[in-house]
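Just so it is clear, none of the values below were taken in a lab; they were calculated from the coordinates. A quick note: this is a predicted structure, and the numbers were derived from the prediction, not measured. Backbone-built Cβ (ideal geometry, glycine too); neighbour counts: all protein chains shown.
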Amino acid sequence: MKLPNRLFNGAARIDWPCLPNARRIDMAAVPMVVEINRHGMLVDPRVLADLDARLQVKMAALAEDISTLAGRPINPGSFQQVGKFLFEDLRLEPTTRAKKTSTGLPSTEEDVLVGMLAQHPAVGLVLDYREAQKLSGTYCQPLQALRGADGRVRTRLMMNVARTGRLSSETPNLQNQPTRTEEGRLVRSAFIAQPGCVLSSLDLSQIEMVWAAELSHDPVMCDVFRMGQDLHVWTACALFRLDYARISGLWARYKRGELEGAELAEIRDFELTKRLPAKTLGFAVLYGVTALGLQAQILAAGGPLWAEQECQSFIDAWFHLYHGILEWLELQHYRARRYGMVWTAFGRPRAIPEVYSVHAAVRAEGERQAGNMADQGSAADHIKLVMGETMAVVDYYRGLGKICQPVLQVHDELIFELEPDIAEEFNSTGLWIMANAVRPMSVPVKAAASVGANWMELK
DNA sequence: CGGGAGCGCGCG
DNA sequence: AAAGCGCGCGCTCCCG
């Protein structure tokens, strides 16, 4: 395999599998992990109880409507019963490729059902039921049950579960609290600060894309970040051949809320039909997405049904634009085969035995994991270093007699409980640490902060 | 009735 | 031929 010198020159220092840094990075994060596990997050049970009551009513009504449409009792929580109803009784057809389940019928997962919404009103009812069931059963009820005598829920952040070096969170998992729907965000509003305090969040902006640029040295992506541009706007303009100077000007004014009339309509259309697919594809590429996977995802996001060929051209165009990313992914695959492992920018290793399998599908799985590990893992190492350095700032404010309490880490963001008079200063120090914890980097790291009375108000 | 498999879905 | 990385967890169904 012929690789450009750019990759070998940049990689030479780290092109050895077993640097010892992973352990030191984990140790740096331990004090804040302990703080988070001991302190917990304060939860307002009334918010959850109110939401749950509304969800129960909704679920009962939806279950009845679905049973009426079916002409017999249906439990919408049973994928077997739903599958029989939609695919046998109604003879509906999936619009995307749906894998078969053990029942012999197509899967009833969300992507498939969204594509079939127009075929029958029952499809939408099933989706609505599932959303309500998820919010009630996974969030409202367990969070109330797990509240301690002091009104706090205490997660357990685990450091030795995720093979990329990320933390994981259990009983309850506080790293998957809803944020993507309006009703889901109400769950976040139940997480509050203790009286006299506010919640504050520090967020590493687009950190996985920044690390993709840093690790690959892709000249185009690096330049976009160096210019401080919005990567997804830039990508969308390049892929759809739009005038970047004009669009980025509109985008900046749109973000400031200055647009109206025709210009507002234009940029909203741009955001939905151009920027969103470009953003989706950016992440998907690092997961090793295929054309059919992209097709299903665009549909699920409420976008148009693109032909498989259109999706493939979109992916090809992305790799043509960011050719350095393609070369770097191939380098990761090569390393996995050469060493049986890949490693992050800081030397955290991960074994990838799958690349030696006799099965092509297993090898492909290994290559996707190899391509993703350095990116996800370097971002995880990065925030662990930030956690270590930020604890010194926490101790400083505690020395002044202030309440300054880390309460959660969610992969690229940290949440704190603070007295409001130190929030601004604490946040600006935290932002500086996030941007400078790793040096030198060839692309700038950006971070964002926000303050609110509850978790829903953050960001 | 506890445990596990299979499915589905919340987050980054 | 298969078809998206990393997690945790709820529900249904089936088995012992």
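Rg/Rh for segment A:23-91 to two decimals, with Rh computed the Kirkwood way over all alpha-carbon pairs.
That ratio is 1.37, to two decimals.
Could you please tell me the mean projected area of the C-alpha convex hull for segment A:117-268, averaged over all directions and given in square nanometres to one decimal? List each step's numbers first, then the result.
Working: hull surface 61.0 nm².
So the Cα hull casts an average projection of 15.3 nm².
Do any of A:255/A:459; A:134/A:274; A:58/A:134; A:255/A:279; A:279/A:446 go past 20 Å between their Cα atoms, and which? Mind showing how you got there, number by number?
On the way: A:255/A:459 14 Å; A:134/A:274 31 Å; A:58/A:134 13 Å; A:255/A:279 17 Å; A:279/A:446 18 Å.
Checking Cα-Cα distances, A:134/A:274 exceed 20 Å.
With θ taken as phi - 60° and the coefficients 6.51, -1.76 and 1.60, list the Karplus ³J(HN,Hα) couplings across segment A:117-129 in order, rounded to whole Hz; mark glycine and proline as x.
Here the 3J(HN,Hα) series is 3, 6, 6, 6, x, 5, 4, x, 5, 4, 5, 4, 4 Hz.
Work through the residues other than residue A:445 whose Cβ is under 10 Å from its Cβ and net out their charges, Lys, Arg +1 and Asp, Glu -1.
+1
Magnitude of the Cβ-charge dipole of chain A, K/R +1 and D/E -1, about the Cα centre, nearest 20 debye?
1180 debye
Identify, among A:229, A:353, A:257, the residue whose Cα sits farthest towards the positive end of the charge dipole of segment A:218-358, taking +1 on the Cβ of Lys and Arg and -1 on the Cβ of Asp and Glu, with the dipole about the Cα centre.
Highest projection toward the positive end goes to A:353.
Between residue A:158 and residue A:89, what is 0.36 nm times their sequence separation minus the Cα-Cα distance? Round to one decimal in nm.
Working it through step by step, the gained length comes to 20.3 nm.
Quick one: order A:391, A:221, A:158 by neighbouring beta-carbon count within 10 Å, fewest to most.
Lowest to highest Cβ neighbour count: A:158, A:391, A:221.
Sorting A:62, A:305, A:146, A:199 on the 10 Å Cβ count, fewest up front, what's the list?
A:305, A:146, A:62, A:199
Can you work out the Karplus-derived ³J(HN,Hα) for every residue in segment A:353-367? Use 6.51 cos²θ - 1.76 cosθ + 1.60 with θ = phi - 60°, whole Hz, and x for glycine or proline.
x, 4, 5, 9, 5, 7, 8, 4, 5, 5, 4, 4, 4, x, 5
Collect residues whose amide H, placed 1.01 Å from N in the peptide plane, falls under 5 Å from the amide H of residue A:407; neighbours closer than 5 in sequence don't count.
Residues meeting the amide H criterion: A:415, A:416, A:417.
How many angstrom lie between the C-alpha centres of segment A:291-325 and segment A:112-141?
Here the answer is 26 Å between Cα centres.
Using only DSSP helix segments of four residues or longer, with each worth -39500 (n - 2.57), what per-residue ellipticity at 222 nm results for chain A after dividing by its residue count and rounding to 500? Spell out each step's value before the answer.
Numbers: 19 runs with 249 residues, N = 459.
Taken over chain A, the calculation gives -17000 deg cm²/dmol.
What does the charge dipole of segment A:318-419 about its Cα centre add up to, to the nearest 20 debye, if the Cβ of each Lys and Arg holds +1 and the Cβ of each Asp and Glu holds -1?
400 debye
For a quick check: with amide H placed at 1.01 Å from N, whose amide H comes under 5 Å from residue A:303's, ignoring anything fewer than 5 positions away on the same chain?
Here the answer is none, since no amide H 5 or more places off falls under 5 Å of that of residue A:303.
Sort segment A:41-179 into rounded, prolate or oblate with this rule: let a ≥ b ≥ c be the square roots of the eigenvalues of the Cα gyration tensor; rounded if a/c is under 1.5, and if a/c is not under 1.5, prolate when a/b is larger than b/c, oblate otherwise.
Verdict is oblate for segment A:41-179.
Counting only other residues whose beta carbon sits under 12 Å from that of residue A:360, what net charge do I get with K and R as +1, D and E as -1? Please list the in-between numbers first.
Details: positive: A:363; negative: A:354, A:365, A:367.
Taking every other residue near residue A:360 into account, the sum is -2.
Just to confirm a number: summing +1 for Lys and Arg and -1 for Asp and Glu over residues other than residue A:63 whose beta-carbon lies under 14 angstrom from that of residue A:63, what do you get?
Counting the neighbours of residue A:63, the net charge comes to -1.
How high is the relative contact order of segment A:345-435, given as a whole-number percent (alpha carbon pairs under 8 Å, six or more residues apart)?
Computed over segment A:345-435, the figure is 20 percent.
Through the Karplus equation 6.51 cos²θ - 1.76 cosθ + 1.60, θ set to phi - 60°, convert the phi angles of segment A:74-86 into ³J(HN,Hα) values in whole Hz; use x for Gly and Pro.
Listing the rounded values in order: 10, 8, x, x, 9, 5, 5, 5, 5, x, 4, 4, 6 Hz.
Would you mind giving the average projected area, over all directions, of the Cα convex hull of segment A:82-137 in nm² with one decimal?
3.8 nm²
In nm, give the distance between the simple-model label positions of residue A:240 and residue A:258, each being 7 Å from the Cα along the Cα-to-Cβ direction.
About 2.2 nm, to one decimal.
Note down the relative contact order for chain A as a percent, whole number, built from C-alpha pairs under 8 angstrom at least six residues apart.
Reported relative contact order: 25 percent.
Which distance in Å, rounded to a whole number, links the C-alpha centroids of segment A:412-441 and segment A:178-236?
So the separation of the two Cα centres works out to 14 Å.
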